[in-house]
Amino acid sequence: FNNDTIEVTINNSNSGEGQIEIGENGLFFTGNPIEIVTNIDDTFEHIIKKSAQINLLSKNYVGDYFFADNARTVSVEISRNNEIIFSGYLEPNTFSQGYSLPLEEFTLNCTDYLSTLQYLNYNNATINNYDALKSNASNKSFYNILQELFGGQSIWYDKSKAKSPGRETTLFQDLGVNENYIYGEDFDDLMTQEELLNEMLQYLNLHIIQEG
């Protein structure tokens with residue numbers, strides 16, 4: 001639309017439904033198919049999130065394919081003229097589709113990678129392995145924490161801060177935290193990955209946003 005070619009790829013890693021194509025077999029885009037929103041209303045937010053809505057019509061129930069049971073089950077990629085403009089996941093446990101009309105309209109809510117951090121504990125800790133992980137707590141550099149949070153994805157830094165003059169490029173290696181602070185006194189005190197990232201950025205007065 002608007003002389004642009006828009007491509008949407010949705011992949012459910014748990015679905016056995018095979019490949020389905022929007023525009024065939026009773027599944028269609030609505031007149032307003034896609035909306036992408038960047039959360040920049042609050043300038044004090046250190047984690048700037050992006051979200052997307054994909055609006056569809058269907059004559060069949062498609063929840064087996066579009067229902068996400070966790071934050072990273074169903075991946076979503078939206079491209080405009082072969083350039084990725086949104087990459088993320090379907091929001092977990094939110095799929096809803098009516099069944100009373102021949103064609104039912106519904107919305108797929110999508111979140112970017114940064115948004116999924118709210119659903120995951122630091123070190124992917126659970127109530128079952130919390131004590132074991134905490135017993136092995138050590139000092140961690142901000143750099144190592146970021147690598148764990150983002151799985152080795154590229155992180156660009158504007159080099160606007162430094163622990164001391166001339167060390168702008170090594171800021172995250174120069175700073176760290178003891179994991180006991182992250183784990184807290186008990187499991188209820190454990191930080192989510194989003195809470196940890198937010199505290200690091202707040203301490204440095206930096207912001208993060210996902211590109212592409």
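Figures for the structure shown
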{"quantity": "Residue list for the stretch 7-37, filter: open to solvent by 50 Å² or more (accessible area, probe 1.4 Å) and at pLDDT below 85", "calculated": "Ser13, Asn14, Gly16, Glu17, Gln19, Ile20, Glu21, Glu24, Asn25"}
{"quantity": "Residues of the stretch 150-190 satisfying the condition of being at pLDDT 95 or above, of a type in the set (Asp, Glu) and in contact with a Leu (Cβ under 9 Å, 6 or more places away or on another chain)", "calculated": "Glu179"}
{"quantity": "Filtered residues of the stretch 27-58 (kept if β-branched (Val, Ile, Thr), over 11 Å from Cys110 (Cα atoms) and in contact (Cβ under 8 Å) with a residue 12 or more places away in the chain)", "calculated": "Thr30, Thr38, Ile47, Ile48"}
{"quantity": "Restricting the stretch 139-156 to residues that are open to solvent by less than 50 Å² (accessible area, probe 1.4 Å) and either in contact with an Asp or Glu (Cβ under 6 Å, 6 or more places away or on another chain) or not in a helix (DSSP H, G or I) (or both), the residue that is farthest from Glu185 (Cα to Cα)", "calculated": "Ser141"}
{"quantity": "Hits in the stretch 123-138 - residues which are in a loop (DSSP other than H, G, I, E, B), of a type in the set (Gly, Ala, Ser) and over 13 Å from Gly184 (Cβ atoms)", "calculated": "Ser138"}
{"quantity": "Residues satisfying the stated conditions in the stretch 32-50, i.e. of a type in the set (Asp, Glu) and assigned to a strand (DSSP E or B)", "calculated": "Glu35"}
{"quantity": "Residue in the stretch 108-127 that is at pLDDT below 90 and open to solvent by 50 Å² or more (accessible area, probe 1.4 Å) present", "calculated": "no"}
{"quantity": "Test for Thr94: is it of a type in the set (Val, Ile, Thr), closer than 30 Å to Leu190 by Cβ and in contact with a Pro (Cβ under 9 Å, 6 or more places away or on another chain)", "calculated": "no"}
{"quantity": "Subset of the stretch 166-208 (residues that are open to solvent by 70 Å² or more (accessible area, probe 1.4 Å) and within 20 Å of the chain's Cα centre (by Cα))", "calculated": "Glu195, Glu199, Gln202, His207"}
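Here's the yes/no breakdown for (1) without any contact (Cβ under 8 Å) to a residue 40 or more places away in the chain; (2) among the aromatic types (Phe, Trp, Tyr); (3) over 30 Å from Leu206 (Cα atoms); (4) open to solvent by 80 Å² or more (accessible area, probe 1.4 Å):
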{"site": "Asn60", "(1), (2), (3), (4)": "yes, no, yes, no"}
{"site": "Ala68", "(1), (2), (3), (4)": "no, no, yes, no"}
{"site": "Val76", "(1), (2), (3), (4)": "no, no, no, no"}
{"site": "Ser79", "(1), (2), (3), (4)": "no, no, no, no"}
{"site": "Thr94", "(1), (2), (3), (4)": "yes, no, yes, no"}
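The values are calculated or read from the model by the stated rules, or taken from the named source; none is laboratory data. This is a predicted model, so every value here is computed, not measured. Here the Cβ is made from the backbone with ideal geometry for all residues, glycine too, and neighbour counts use every protein chain on show. SASA here: full protein model, heavy atoms, side chains in, ligands and nucleic acids out. Shrake-Rupley method; radii C 1.70, N 1.55, O 1.52, S 1.80 Å.
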